Amino acid sequence: MKPVLLALMFLSEEHRAQMAQSFELVYAPDAAQAAAAIAEHGARITVVLTIGATGLSAAQIDALPALTLICALGAGYENIAVAHAKARGVVVATGAGTNDDCVADHSWGLLIAAQRRILPLDKATRAGIWRTALPLPPNVSHKRLGIIGLGTIGKKIAQRALGFEIEVGYHNRSARTDVPYRYFGDVKALAEWSDFLVVATPGGAGTKHLVNADVLNALGARGVVVNIARGSVIDTAALAAALREGRIAAAGLDVYESEPAPPAELLDLDNVVLTPHVAGWSPEAVQASVDRFLENARRHLASEAPVSPL
């Protein structure tokens, strides 16, 4: 008999079919379906696949007595009750490293679009407005880029900055010894130094509203903020006020506190670029994440260590 897998996020038909080769798949991509699936199949479920935003709570873990493995499809795991799982002897693994390039690429797309005002320029062009009637958008090159969270994704964002001859600074819990970039122990100091501020830190209670009104004021009237991490890291109300009042120039957001609903406070602003939490989603990245999950699960079920355990 195949082990029973509970999948708690959207999966394409192709990826469901791929997983069904190794598992009896219980597909429950929303909260109501998840509750029903756990009630009906909880005693048999041995593996759960989720994402960081959906997670798996302590109560859900306790309702799955046969559970031995929890996997996050991507790198994030902020809403998985990791300590509770480990106390139960449940292994937790992630898809770390499978979509890093995609996220880094997307962050630069947001940054360039926001700084160069690509969306307003597109709208003006379609309306027949020529460049001489428009304000000139500023350069991307030869600026200063501050990165909050210099993990694997943050490092890839920094690497791409070199092609624009941009100076890089960063904030982490501690300085890294393997990078040449300038370290800032304080987010506000990093923002004050930066022209562009990119959020690439994990979500969760420890980083909630890390980017607040004070940080945005420090970034300044020509500054651009980009978030490809978690919506909770930026105070949305403070961001909306800063954008409306000209205390920062623009923002590019792939994540926001209201998701999946769009951020209502920002929708009428033409100095914001919004995408629907797709920075880590491409055919290549999603396939790599699915393949990583299957390899993590294969190793675990063979009594081996997963590729990317927590």
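The values are calculated or read from the model by the stated rules, or taken from the named source; none is laboratory data. Here the structure is a predicted model, which is why all the values come from computation and not from measurement. No Cβ is skipped: glycine too gets one built from the backbone with ideal geometry, and neighbour counts run over all protein chains shown. For accessibility, only protein heavy atoms count, side chains too; no ligands or nucleic acids. Shrake-Rupley method; radii C 1.70, N 1.55, O 1.52, S 1.80 Å.
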Positive-end residue, segment 144-285 charge dipole about Cα centroid, Cβ charges, pick of G206, W281, L267: G206
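For the chain, what proportion of DSSP beta bridges, expressed in % and rounded to the nearest 5, is antiparallel? Don't jump to the answer; show the numbers that get you there.
Details: 1 of 40 bridges.
Here the antiparallel bridges make up roughly 0 percent for the chain.
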Debye, to nearest 20: dipole size of segment 83-194, +1 on Lys, Arg Cβ, -1 on Asp, Glu Cβ: 240 debye
Spin-label pair A35/T125, simplified geometry with 7 Å Cα→Cβ offset, distance in nm: 4.8 nm
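What translational D, rounded to a whole number of µm²/s, comes out for the chain from Stokes-Einstein when the hydrodynamic radius is the Kirkwood one over Cα pairs, at 25 °C and 0.890 mPa s?
On the way: Rh = 20.7 Å.
D, rounded to a whole number, is 118 µm²/s.
Could you check what % of the DSSP bridge pairs in segment 1-148 are antiparallel, to the nearest 5?
Details: 0 of 16 bridges.
If we restrict to bridges inside segment 1-148, about 0 percent are antiparallel.
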FRET efficiency estimate (nearest 0.05) - Cβ-Cβ, D62 to I118, R0 41 angstrom: 0.25
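Rank these by accessible area, largest first, 1.4 Å probe: D235, D122. Could you put the intermediate results ahead of the total?
Details: D235 35, D122 65 Å².
Highest to lowest solvent-accessible surface, that is D122, D235.
Can you check how the C-alpha radius of gyration of segment 249-291 compares to 2.2 N^0.38 Å, as a plain ratio? It would help to have the intermediate numbers written out before the result.
Values: Rg = 13.1 Å, N = 43, 2.2 N^0.38 = 9.2 Å.
That ratio works out to 1.42.
Using C-alpha positions alone, give me the convex hull volume of segment 212-285 per residue in cubic angstrom. Please list the in-between numbers first.
Working: hull volume 6.4 nm³, N = 74.
Hull volume normalised by residue count: 87 Å³.
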Sequence of C102, C71 from largest to smallest accessible area, 1.4 Å probe: C102, C71
Linear extension gain, E245 paired with R16, 0.36 nm per residue minus alpha-carbon span: 77.7 nm
Where only alpha carbons of segment 58-171 are counted, the Rg and the Dmax (Å): 21.4, 68
Spin-label zone in segment 163-190 - amide nitrogen under 15 Å from a point set 7 Å from the Cα of S141 along the C-beta vector: 163-167
Unit charges at the beta carbon, dipole of segment 6-95: most positive-side option, S12, I61, L25: I61
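Please list R299, R131 from largest to smallest accessible area, probe radius 1.4 Å, with all protein chains kept in place. Each step should come with its number before you reach the end.
Working: R299 80, R131 160 Å².
Per-residue accessible area, sorted high to low, gives R131, R299.
Rounded to the nearest 20 Debye, what is the dipole magnitude of segment 142-288 about its Cα centre when Lys and Arg each give +1 and Asp and Glu each give -1 at the C-beta? Mind showing how you got there, number by number?
Working: 14 positive and 16 negative charges, 99 e Å.
Charge dipole, segment 142-288, about its Cα centre: 480 debye, nearest 20.
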Ellipticity estimate at 222 nm from DSSP helix runs (n ≥ 4, -39,500 (n - 2.57)) divided over the chain, nearest 500: -10000 deg cm²/dmol
With every protein chain in place, the chain: carbon and sulfur % of accessible area (1.4 Å): 55 percent
Degrees between helix 152-161 axis and first principal axis of the chain (Cα, 0 to 90, nearest 10): 30 degrees
